Amino acid sequence: MAAKGWFILKLLMFQGLFISRPQEDFDFFYFVLQWPGASCDTNRPCCYPTSGKPAADFGIHGLWPNYNDGSFPSNCNPDSQFDRSQISDLVSSLKQNWPTLACPSNEGFKFWEHEWEKHGTCSESVMDQHEYFENALKLKDKADLLQILTNSGINPDDGFYNLKKISNAIEDAIGFTPGIECNKDSERNNQLDQIYICVDTSGTEFIECPVLPRGRCPTRVQFPKF
Ligand code: AMP
């Protein structure tokens, strides 16, 4: 083949690479789980979902595309609206594992819609809406945080625990350092609120965090009852 022909062929192959494998437009995900006890004992209102009080377990907050410098994209595609018909097979699992605590009490679709539109639409280069929610549910199965903590004697009993001990228990179990975020209860006690685990751009594998969130936790934190 003449040199020009080779050039055109290579150009087409090069373009094909980009057409079949869109580049990710983010660096990693934060998979964020929240302790409902810490969402519901602050000065802000909390309402149980219409299905009743959630299980005393960590619930999913979201799967958030992030950049290595700590910033993140948001609301990336207004044309990709949340469509509940695409996740109908996941709804019962979402109610159990991704419970809304917003007021007024509702089923949860508003929370899932918010998470999809703010965060999920920024990972559409790698997963569609069904995959976004399915991946988050699978990640929660992979990291049973409550089990991990209770195995290390860290229980949601209103006790105060060493932050490093909490972090080490999770790291020993999943192999990577988590981010830990605290908030304050209505008596101003610092308490365990959210746990961040980093995930690769496929949304399936835990990784070491390129950057940890600023967690606002002192050395000892309360693990409130729920
Ligand atoms: P995000 O916008 O994804 O960063 O999450 C923050 C928003 O999610 C805030 O408006 C929170 O009030 C809301 N939020 C956090 N946890 C829950 C929950 N369990 N149910 C409903 N809304 C929540």
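The values are calculated or read from the model by the stated rules, or taken from the named source; none is laboratory data. Predicted, not measured: the structure shown is a model, and the values here were computed from it. Note that each Cβ is placed from the backbone with ideal geometry, even for glycine, and that neighbours are counted across all protein chains shown. The protein model used for the area step is the full one, side chains on, heavy atoms only, and it has no ligands, DNA or RNA in it. Shrake-Rupley method; radii C 1.70, N 1.55, O 1.52, S 1.80 Å.
Sorted by accessible area (1.4 Å probe), largest first, how do Asp141, Asp25 line up?
Heavy-atom accessible area, descending, gives Asp141, Asp25.
So what is the calculated 222 nm ellipticity per residue for the chain, using -39500 (n - 2.57) for each DSSP H run with n of 4 or more, over all residues, to the nearest 500 deg cm²/dmol?
-9500 deg cm²/dmol
Find the percent of Cα-Cα distances in the chain that exceed 25 Å, and round it to a whole number.
Beyond 25 Å sits 45 percent of the P(r) for the chain.
Straight-line reach from Lys53: which aspartates and glutamates fall under 17 Å, measuring Cα to Cα and dropping same-chain residues less than 8 apart?
Of all the aspartates and glutamates, those that pass the test against Lys53 - Cα under 17 Å, at least 8 places apart if same chain - are Asp41, Glu107.
Got a sec? Charge dipole of the chain, +1 on Cβ for Lys and Arg, -1 for Asp and Glu; which of Ala55, Ala102, Ile195 is way out at the positive end?
Of Ala55, Ala102, Ile195, it is Ile195.
In debye to the nearest 20, how big a dipole does region 147-226 give about its Cα centre with +1 on each Lys and Arg Cβ and -1 on each Asp and Glu Cβ? Please list the in-between numbers first.
Numbers: 8 positive and 11 negative charges, 76 e Å.
Magnitude of the dipole: close to 360 debye.
Note down the Stokes-Einstein diffusion coefficient of region 116-226 in µm²/s, whole number, using a Kirkwood radius over alpha carbon pairs, 10 °C, and 1.306 mPa s.
So the translational diffusion coefficient is about 105 µm²/s.
How much area per residue is accessible in the chain when the probe is 1.4 Å and only protein heavy atoms are counted (Å²)?
52
Going by alpha carbons, how many degrees (0 to 90, nearest 10) lie between the helix axis of 163-174 and the longest principal axis of the chain?
Relative to the chain, helix 163-174 is tipped by roughly 50 degrees.
In terms of solvent-accessible area of protein heavy atoms at a 1.4 angstrom probe, what is the ranking of Asp69, Asp144, highest value first? If you can, show how the numbers build up before the last one.
On the way: Asp69 120, Asp144 75 Å².
Of Asp69, Asp144, the descending order of accessible area is Asp69, Asp144.
Give the Kirkwood hydrodynamic radius (Å, one decimal) of region 23-88, defined as one over the mean of 1/r across all pairs of different Cα atoms. Could the numbers behind the result be given before it?
On the way: mean 1/r = 0.0669 Å⁻¹.
Roughly 15.0 Å, rounded to one decimal.
Count neighbours as other Cβ atoms within 10 Å of each site's Cβ, and list the GluC sites (Glu not before Pro) in region 163-198 that are DSSP loop with at most 16 such neighbours.
Sites meeting the loop and neighbour criteria: Glu187.
When the convex hull of the C-alpha atoms of region 39-128 is computed, what volume per residue in Å³ does it have?
127
On a 0 to 90° scale, report how tilted helix 129-142 is relative to the longest principal axis of the chain, with both axes built from alpha carbons and the result rounded to the nearest 10.
Helix 129-142 sits at roughly 50 degrees to that axis.
Averaging the inverse of every distinct alpha carbon separation and then flipping it gives the Kirkwood radius. What is it for region 95-141, in angstrom units? Each step should come with its number before you reach the end.
Numbers: mean 1/r = 0.0881 Å⁻¹.
For region 95-141, the Kirkwood estimate is 11.4 Å.
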